[in-house]
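A short write-up of the structure that comes next.
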């Protein structure tokens, strides 16, 4: 079974503390194991960026790949919430807000993420119990 075709894939900034926190947040609320993860800076993440013609130099966003479609910024984040346990899927309704507004807010957070939340020296290394969630 091809992991890339059976799961939604989340590409994230592996050195960003906010992004790593978001990954842990999703993992805890993904009982159906819908999501697989890959840091943008690692081999699998870079390969997926290249495959989908996404320029990492212009990317300050989480990337969601579902059914060979690519979503970035707030669209990716809100689509992720749709598949989480609890009340989080209710946030999916925020997609009705025009993307220029949603993404404007997203961009402010993305541009300041290192300053506000910090940065690691290297990408997150999954624990043995979580290794199957990563590509």
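The values are calculated or read from the model by the stated rules, or taken from the named source; none is laboratory data. These numbers were taken from a predicted model, which means no experiment stands behind them. Note that each Cβ is placed from the backbone with ideal geometry, even for glycine, and that neighbours are counted across all protein chains shown.
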Item to check | residue 97 being without any contact (Cβ under 8 Å) to a residue 24 or more places away in the chain, farther than 19 Å from residue 22 by Cα and buried (at least 17 other Cβ atoms within 10 Å of the Cβ) | outcome: no
Next on the checklist: Being surrounded by fewer than 17 Cβ atoms within 10 Å (Cβ to Cβ), modelled with pLDDT of 95 or more and more than 10 Å from the chain's Cα centre (by Cα) is the requirement here; does residue 78 meet it?
Outcome noted: no
Checklist entry - Is it the case that region 93-116 has a residue that's more than 19 Å from residue 72 (Cα to Cα) and in contact with a helix residue (DSSP H, G or I) (Cβ under 6 Å, 6 or more places away or on another chain)? => result no
Checklist entry - Which one is farthest from the chain's Cα centre (by Cα) among residues in region 6-42 that are without any contact (Cβ under 8 Å) to a residue 40 or more places away in the chain and within 16 Å of residue 64 (Cα to Cα)? => result 6
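Can you find, within region 34-64, the residue that is modelled with the highest pLDDT among those that are part of a loop (DSSP other than H, G, I, E, B) and surrounded by fewer than 13 Cβ atoms within 10 Å (Cβ to Cβ)? Show your work before the answer.
Within region 34-64, the first condition is being part of a loop (DSSP other than H, G, I, E, B), and the residues that meet it are 34, 40-42, 52-55, 59-62.
Now drop any that are not surrounded by fewer than 13 Cβ atoms within 10 Å (Cβ to Cβ), which leaves 53, 55.
Working: 53: 87, 55: 79.
Looking at the filtered set, the residue picked out is 53.
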Checklist entry - Counting just the residues of region 6-31 that are modelled with pLDDT under 90 and surrounded by fewer than 18 Cβ atoms within 10 Å (Cβ to Cβ), which one comes out farthest from residue 57 (Cα to Cα)? => result 31
Checklist entry - Which residues, counting only those in region 43-62, are over 10 Å from residue 11 (Cβ atoms) and more than 14 Å from the chain's Cα centre (by Cα)? => result 43, 47, 50, 51, 53, 55, 57, 58
